[in-house]
Amino acid sequence: MNQKKEPLTEFKLSKENFISNLFKIIPEMERVRTKAEEILLDIQEPGTRVLAPDLEIILGDLEKICSLPHRRIGTEEAHEIENFIEKQCKELGLKNVKKEPFELINWVATNWKLSIITKDETIEIPCFYVLNTEFTDKKGLMAPLVYVGTGRERDFKRNDVKDKIVVADIEFPTLPLGKLLDTAKPYYISDPTQSIDEFTEMTLTFALLNFPPQPLGGLPISDSVYWRAVDRGALGLILILRDYPSNINSHWGPYDGSMKPVPALYVGKYDGMKVRELAKSPNSQGNIILEGYKEKSKANNIWGILPGQSDEMIMVSSHHDSAFKGASEDGTGVAMVLAQLRAWAKIPIEKRPKSLLFLLTAGHLYGGIGAETFTRKYKDSILKNVMVDLNLEHMCAKEVEENSETHDFKLTDNLAIGAVFLSQDEVLIAHTLKAFKENKIERMILIPDNFFATPPIGEAGHFVAQCPDLKVIHWIRSPYYLLTDEDTLDKIDFNKLNPTAQCVADLINSLMYLNANKKY
């Protein structure tokens with residue numbers, strides 16, 4: 001099957017672009033924040049109280065969604081959860097529920113192994129496959145090793161990599177978050193426990209700086225360590241997760257859906273120290289085994305409309321695919337969308353001034369193909385009636401840090417820090433401020449949608465990229481175990497599920513009473 005011809009959106013973080021953009025938007029953030037705080041004083045309370053479902057109901061949905069080993073797009077497991085979501089939507093009252101398929105390649109690894117051979121011994125290194133790279137036969141690929149640092153242009157000029165296995169360090173950015181917030185002054189810092197201070201830092205474990213996602217259907221990224229190695233004749237790659245805050249190796253990414261021509265494996269930060277040392281030793285050889293298969297498959301976007309008194313709609317969205325059990329990515333997102341459907345289906349239509357569009361997309365971990373497919377299809381019809389998309393991801397995810405003794409993840413007493421990416425609309429921002437202040441949501445930072453000089457990071461970014469006029473309130477946390485096999489139910493703070501769902505319901509309720517002229 002051919003890859004999608006029309007390129008999907010590129011999300012590529014750049015330190016230079018981020019800093020340049022930040023200084024441009026600081027004055028505008030201040031102006032918008034001031035205006036939003038003025039509007040906040042005049043917002044009237046809705047006439048109807050909408051109650052979120054109890055914890056037991058939300059948790060029941062979450063446990064069902066996370067009951068399978070994974071929800072990888074195009075697999076039987078993903079299809080089982082799609083069927084569950086479709087059934088729930090119909091039973092809870094959505095009209096004309098749509099289950100809309102699209103094609104993709106289901107890439108499945110069945111066996112992987114990394115061995116390094118020196119003159120004295122053969123050493124097996126714990127590893128994990130790099131998604132969508134080429135497979136080997138059962139004997140694997142044997143070749144000399146060459147270490148290229150972080151794989152800059154100068155690193156490859158110093159090293160001949162032709163017919164060799166490249167060993168490289170993958171870079172992940174660490175934000176000096178406390179200092180950044182002091183300088184940038186976002187719209188709002190929702191931190192009732194005052195746990196964020198000037199020393200707070202945050203590693204963005206979803207952002208591989210020197211191995212960025214390739215737009216599906218687009219050209220290879222020229223400054224990617226992977227493509228630099230391929231272009232110079234390398235036979236395979238061993239990629240060290242150098243900046244990850246643990247020794248984990250099960251990173252699912254880049255999740256761009258683009259098939260790549262040579263095999264590659266990840267190793268953890270501390271295992272990588274040994275690999276780096278061995279790669280530098282004379283005459284060391286690597287053996288990469290990566291067996292698997294590719295097949296044509298389909299995935300499904302699921303959506304429906306809960307009618308209100310007008311055709312104007314609030315969209316409530318998330319994605320349902322996951323790399324592993326995906327408790328935070330994005331079991332909680334799906335559970336929160338279903339929680340809102342449960343809450344609002346109980347409200348009589350005459351007390352719903354606007355309609356609600358509920359959307360659960362497939363393929364966030366396939367270059368956002370589901371979100372962009374939906375948006376391209378409906379941007380000139382249904383989406384014209386959408387006032388705002390409230391996108392919900394990684395809800396109630398607990399914070400972890402690295403255990404300095406075991407190098408595993410260790411839970412803290414906090415929720416993972418997150419952000420709400422907001423379209424630069426003072427009225428939408430004011431209503432979001434109100435909901436967060438009243439519900440005392442912990443460790444969330446309200447920022448402009450272009451804060452990182454990219455589309456909003458997450459599913460909402462794919463909507464906006466294809467439909468620039470769409471307004472968004474994009475709620476997302478960023479725990480370190482995201483995109484790994486550690487993303488399990490024990491990482492979710494169950495006690496926060498109902499209060500968070502109530503905050504979302506309150507926000508929707510507040511937005512329900514905005515008229516077409518955004519009067520509040």
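I'd like the antiparallel share, as a percent to the nearest 5, of DSSP beta bridges with both residues in the chain.
60
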Across Lys113/Lys298; Lys260/Lys410; Lys15/Lys280; Lys95/Lys491; Lys35/Lys434, pairs whose alpha-carbon gap is larger than 23 Å: Lys113/Lys298; Lys260/Lys410; Lys15/Lys280; Lys95/Lys491
Positive dipole terminus of region 358-488, leading residue within Leu482, Ala435, Cys396 (C-beta point charges): Ala435
Trypsin sites (Lys or Arg not before Pro) within region 409-458: DSSP coil, no more than 15 neighbouring Cβ in 10 Å: Lys440
Net dipole in debye of region 41-131 [+1 Lys, Arg Cβ; -1 Asp, Glu Cβ; about Cα centre; nearest 20]: 280
Cα-Cα over 19 Å, subset of Lys346/Lys379; Lys98/Lys377; Lys64/Lys90: Lys346/Lys379
Lys/Arg +1, Asp/Glu -1 at C-beta; region 268-315 dipole; positive extreme among Gly286, Gly272, Ala299: Gly286
Eligible aspartates and glutamates near Lys269 by straight Cα distance, threshold 15 Å, same-chain separation 8 or greater: Asp169, Glu171, Asp243, Glu277, Glu401, Glu402, Glu405, Asp408
Nearest-0.05 FRET efficiency for Glu45 and Met259, computed from C-beta distance (R0 41 Å): 0.20
Net dipole in debye of the chain [+1 Lys, Arg Cβ; -1 Asp, Glu Cβ; about Cα centre; nearest 20]: 1140
Local electrostatic count at His79 - Lys and Arg +1, Asp and Glu -1, tallied over other residues with Cβ under 12 Å: -2
Straight-distance crosslink candidates among aspartates and glutamates, where the alpha carbon sits under 19 Å from Lys351 and sequence neighbours closer than 8 are dropped: Glu45, Asp311, Glu312, Asp506
Antiparallel DSSP beta bridges within region 320-467, as percent of all bridges there, nearest 5: 45
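Work through the residues other than Glu198 whose Cβ is under 11 Å from its Cβ and net out their charges, Lys, Arg +1 and Asp, Glu -1. List each step's numbers first, then the result.
On the way: positive: Lys179; negative: Asp182, Asp197, Glu201.
So the surrounding residues net to -2.
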Dipole magnitude of region 275-327, debye to nearest 20 (Cβ charges: Lys/Arg +1, Asp/Glu -1, about Cα centre): 360
Sparse-neighbourhood loop sites, trypsin sites (Lys or Arg not before Pro) in region 25-109 - DSSP loop, at most 14 other Cβ within 10 angstrom: Arg49
Dipole of the chain [Lys/Arg +1, Asp/Glu -1 at C-beta], most positive-end residue of Val504, Thr406, Thr375: Thr375
Whole-angstrom gap from region 374-439 to region 144-166, using each part's C-alpha centre: 39
Cα long-axis angle, helix 426-439 against the chain (0 to 90 degrees, to the nearest 10): 90
Angle between the chain longest axis and helix 332-345 axis [Cα atoms, degrees, rounded to 10]: 20
Residues whose placed amide H lies under 5 Å from that of Tyr147, excluding near-sequence neighbours: Val167
Simple spin-label estimate for Ser381 and Ser67 in nanometres, 7 Å along Cα-Cβ: 3.4
Loop GluC sites (Glu not before Pro), region 171-256, which have at most 13 other Cβ atoms in a 10 Å radius of their Cβ (DSSP): Glu198, Glu201
Acute angle (nearest 10 degrees) that the helix 55-65 long axis makes with the longest principal axis of the chain, alpha-carbon atoms: 40
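Coordinate-derived values only; no laboratory data. A quick note: this is a predicted structure, and the numbers were derived from the prediction, not measured. Glycine gets a Cβ as well: all are built from the backbone with ideal geometry, and neighbour counts include every protein chain shown.
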